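Reviewing the structure listed below.
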Amino acid sequence: MSAVVTPSMVHRWTRASRIAAWTSAIVLLGFAVLPGLLGAGAVDRLTALFIYVIMAAMWNALAGYGGLVSVGQQVFFALGAYFTVRLAETNIDPFIAMILASIVVAAVSYPLSLVMLRLKGGEFAIGMWVVSALTHLCVNLDSLIQGETGRSLISLNAYDAGSRRDIIYWLALIAMAGLLIGLFTLLRSCIGTAIQAIRDNEDAAGSLGIDVVRTKRIIFVLAAFGTGVAGALWLASATSFQPKTYFSVQWTAYMIFMVLVGGIGRFEGAILGAVIFFVIETWFGALGVWYLIGLGLVALLFSLLLPRGLWGEIETRFGISLMPVGYRLEIPNQSIRE
């Protein structure tokens, strides 16, 4: 009798993840044709869902993978909307203005990262909130915005309501798909591995030759860009920009809620959390303050009972990974041969 040892194998894709990837592509194609089949209300709600997915994925990238917990991400959300209004006032098509505004947000976030990434832990989290508050005050000084009076995206009136709604829907869908694919690709690259190494132990990552500051800056700028896209899309849906609304910390609270419930540090978790938040908002959003209290209680219960989030528990219990960003080691059992 002799023991035959089958060598261990390292996998990145599994059968389940391949099925999930093809299913996701089919679902996205299905979403693309829905505006012609659904009413105006349903199209608006799905647009909101796509924006929520973007917001959750970006905060999860920053905090879940990069280890940079921010409570001031609303600054990029608000700036995405603000720069859209500003650029549209120069006679740029509003939809082109949305794209340019998101790029401007990314450009603004770069020099900001030179300062903010010197902070760690709670200092970074509070520092981002302070940046948001200061930026809010600066935007209020803009004569175009007129303080908290705000400004409407008037140039959207050049499009009829139906066409405008469909264009915003498709832009949100394309932005969501593009950002998720881009983030997924980044996390599976050497940079993604470095980002997660820094999250786990920054000093150890630096000792291995990883450029810590440069790597953190990449995820910081990406998260700012994606959040800016979400802000520009939200403005297009709402048509009016009021600083107090867009700079509200509730937007970051929503991001944190979605990621905590879905599963922080899990690619699928952010998407699942956004869907859960969307369902809760759709069913209970009209309850006002009780809805917000309910969100807080749900987040508290998940933190106490399911600290890894819903998808984290599923992944741990059943070993299911639909969108793996790391590697999977398969250690087969020894077989016996005579």
Based on the Cα coordinates of the range 197-325, what is the per residue volume of their convex hull in Å³?
150
Compactness check, the chain: C-alpha Rg relative to the 2.2 N^0.38 Å globular estimate gives 1.07
What share of all Cα pairs of the range 14-77, in percent, falls into each consecutive 10 Å distance bin?
17, 32, 32, 18, 0
Along each principal axis, Cα extent of the range 123-214, largest first, Å
56, 33, 15
Collect residues whose amide H, placed 1.01 Å from N in the peptide plane, falls under 5 Å from the amide H of Ser152; neighbours closer than 5 in sequence don't count.
Phe241
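For Arg317 and Ala158, what is the calculated FRET efficiency with R₀ set at 30 Å and r taken between the beta-carbons, to the nearest 0.05?
0.05
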Within the range 213-327: Cβ-based charge dipole about Cα centre, in debye rounded to nearest 20 (Lys, Arg +1; Asp, Glu -1):
400
How big is the charge dipole of the chain about its Cα centre, in debye rounded to the nearest 20, if each Lys and Arg gets +1 on its Cβ and each Asp and Glu gets -1 on its Cβ?
440
Quick one: dipole size for the range 150-296, taken about the Cα centre, charges +1 on Lys/Arg Cβ and -1 on Asp/Glu Cβ, in debye to the nearest 20.
260
Work out, step by step, the length gained on full extension between Ile191 and Ala107: first 0.36 nm times the residue separation, then minus their alpha carbon distance; give nm to one decimal.
28.2 nm
Residue by residue, what Karplus-based ³J(HN,Hα) values in Hz, rounded to whole numbers, does the range 23-29 have, using 6.51, -1.76 and 1.60 with θ = phi - 60° and x for Gly and Pro?
5, 4, 4, 5, 4, 4, 5
On the principal axes of its Cα set, how long, how wide and how thick is the range 148-193? Give whole Å, largest value first.
45, 29, 11
Report the FRET efficiency, 1/(1 + (r/R0)^6), for Asp142 and Leu114, where r is their Cβ-Cβ distance and R0 is 25 Å, rounded to 0.05.
0.55
When the charge dipole of the range 1-144 is computed with +1 on Lys and Arg Cβ and -1 on Asp and Glu Cβ about the Cα centre, the Cα farthest towards its positive end, among Gly39, Gly67, Leu144, belongs to Gly67
Quick one: P(r) of the range 107-148 from all Cα-Cα pairs, 10 Å bins, percents rounded to integers, in order of increasing distance.
27, 43, 24, 6
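Work out the FRET efficiency for Leu304 and Thr149 from their Cβ-Cβ distance, taking R0 = 45 Å, and round it to the nearest 0.05.
0.60
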So if each residue of separation counts as 0.36 nm, and I subtract the Cα-Cα distance between Asn201 and Ala21, what length gain in nm does that give?
61.7 nm
Projecting the Cα atoms of Ala78, Phe302, Asn157 onto the charge dipole of the chain, where Lys and Arg contribute +1 and Asp and Glu -1 at Cβ, the residue farthest towards the positive end is Phe302
Value of Rg/Rh across the range 133-174 [Cα atoms, Kirkwood radius]
1.17
Take the chain, connect every pair of alpha-carbon atoms lying under 10 Å apart with a spring to form a Gaussian network, then pick out the residue of Ile218, Ile280, Ile54 with the largest mean-square fluctuation.
Ile280
In the chain, what percent of the accessible surface is made up of carbon and sulfur (1.4 Å probe, ligands and nucleic acids excluded)?
67
Could I have the simple spin-label model distance between Tyr291 and Val130, label points 7 Å from Cα toward Cβ, reported in nm to one decimal?
3.4
State in Å² the accessible area per residue of the range 34-91; use a 1.4 Å probe, count heavy atoms of protein chains only, and round to the nearest integer.
26
Sequence-separation-based contact order of the chain, relative, with Cα cut under 8 Å and 6+ spacing, percent
36
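The values are calculated or read from the model by the stated rules, or taken from the named source; none is laboratory data. Predicted model only: the values in this text are computed from it and were never measured. Note that each Cβ is placed from the backbone with ideal geometry, even for glycine, and that neighbours are counted across all protein chains shown. Please note that ligands, DNA and RNA were not included when accessible areas were found on the heavy atoms of the full protein model with its side chains. Shrake-Rupley method; radii C 1.70, N 1.55, O 1.52, S 1.80 Å.
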